[in-house]
1. Find how much the distance from K318 to N73 grows on full extension, using 0.36 nm per residue of separation minus their present alpha carbon separation; answer in nm with one decimal.
2. Net charge near T251, counting Lys/Arg +1 and Asp/Glu -1 over other residues with Cβ under 13 Å of its Cβ?
3. Can you tell me what the convex hull of the Cα atoms of region 216-321 projects to on average, as an area in nm²?
4. At a probe size of 1.4 Å, how large is the accessible area of L227, to the nearest 10 Å²?
Amino acid sequence: MAFAIYYFKDKSVEVGKIDWMSTEDQKNCSKIITQCPTLEEEDGWMSVKWEKGRKKKNCPALFPAKVLMFGDNYRDLCQKREQFIKGEDIWKQTLRRKTKPNSWLMEDVEEEENEQPKKQSTIENESSSDEDILARNWSKVQQQMKELKRENKRLKEDFKQILDAMRELPTQLKEVIGQITVTAPHASTSATASTSVDSASVSPQVLSDDMVFLMPGCNVKVPKRKLNSLWMANPSVYTGDLAALVYGRETLSHSSLTGRQSGAHKDVESKPQLDSTKLDAIFDHALSKFPDITMQDVRRIIRKKCNNESYIKQATAKKAI
């Protein structure tokens, strides 16, 4: 045993070394203490050398004290000391009883309780620091989420344009096949006939078709057979194909509905405006075919058709490179 819990006559309790006891008391003192000694009796007091604030000038260094417990672990004895001050039976490890703390020992307990607010304040400061870090991280996460949403929206719009362009491919293929079919018989004609057709700058298919006015009272003509072959089941598809029939896909690809610069793409040069006479004819014809659609619907469809044709042209040019 190296340490002991001492109870002094001034009712203070301390933990110190065994060799602070006088040599005679070390020999006579029992090293195993199973219960609390009688603190009020005059018997059992030993002389203990104590230098921590007890020694006074011109006074002996030995103080009367009773040993409450021996042990080799200093920290464990300090815990036992605190338990004794609170009124607990430190000699019974399995059955501890809690009693009212000794009033003459409450001064030490109050000092420890005064230290608790300081510890609590430190913990609260650490918690507030953690909350600040979490708030900053959450702000960054929200900003990243907004950027991802904008990127997702842009990708959806690009994907929608690709799908719209793919839907137009079957119609374009039909027209190409029709041109090949009509052109094939003319391949065996004389060079003079071929030259006359080229100088007229009119396709053989248009020459073979009867031309009709798109609307009564207007000068816009289209091939009758192609006009009758447009798909009537979908107003959007019909109006878009009608615009391609009137203007031609090449014209739609490098033109716009209004001729004004796009607000979303201010760095892109504005495109020429579509011919207004033909545009009015398309409006009147589409509204007569489909009474449920509005002028705004027709404008939206034509604007979308121009964008799709421009996208197809750019994609074809990149693929050729």
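The values are calculated or read from the model by the stated rules, or taken from the named source; none is laboratory data. Note that the coordinates shown come from a computational prediction; the quantities given were computed from them, not determined experimentally. Note: ideal-geometry Cβ built from the backbone for every residue, glycine included; neighbour counts use all protein chains shown. SASA here: full protein model, heavy atoms, side chains in, ligands and nucleic acids out. Shrake-Rupley method; radii C 1.70, N 1.55, O 1.52, S 1.80 Å.
1. Stretched out fully, the K318 to N73 stretch lengthens by 79.8 nm.
2. Details: positive: R249, K271, K278, K305, K313; negative: E250, D275, E309.
Local net charge: +2.
3. Averaged projected area of region 216-321's Cα convex hull equals 7.9 nm².
4. L227 has an accessible surface of roughly 20 Å² with all protein chains in place.
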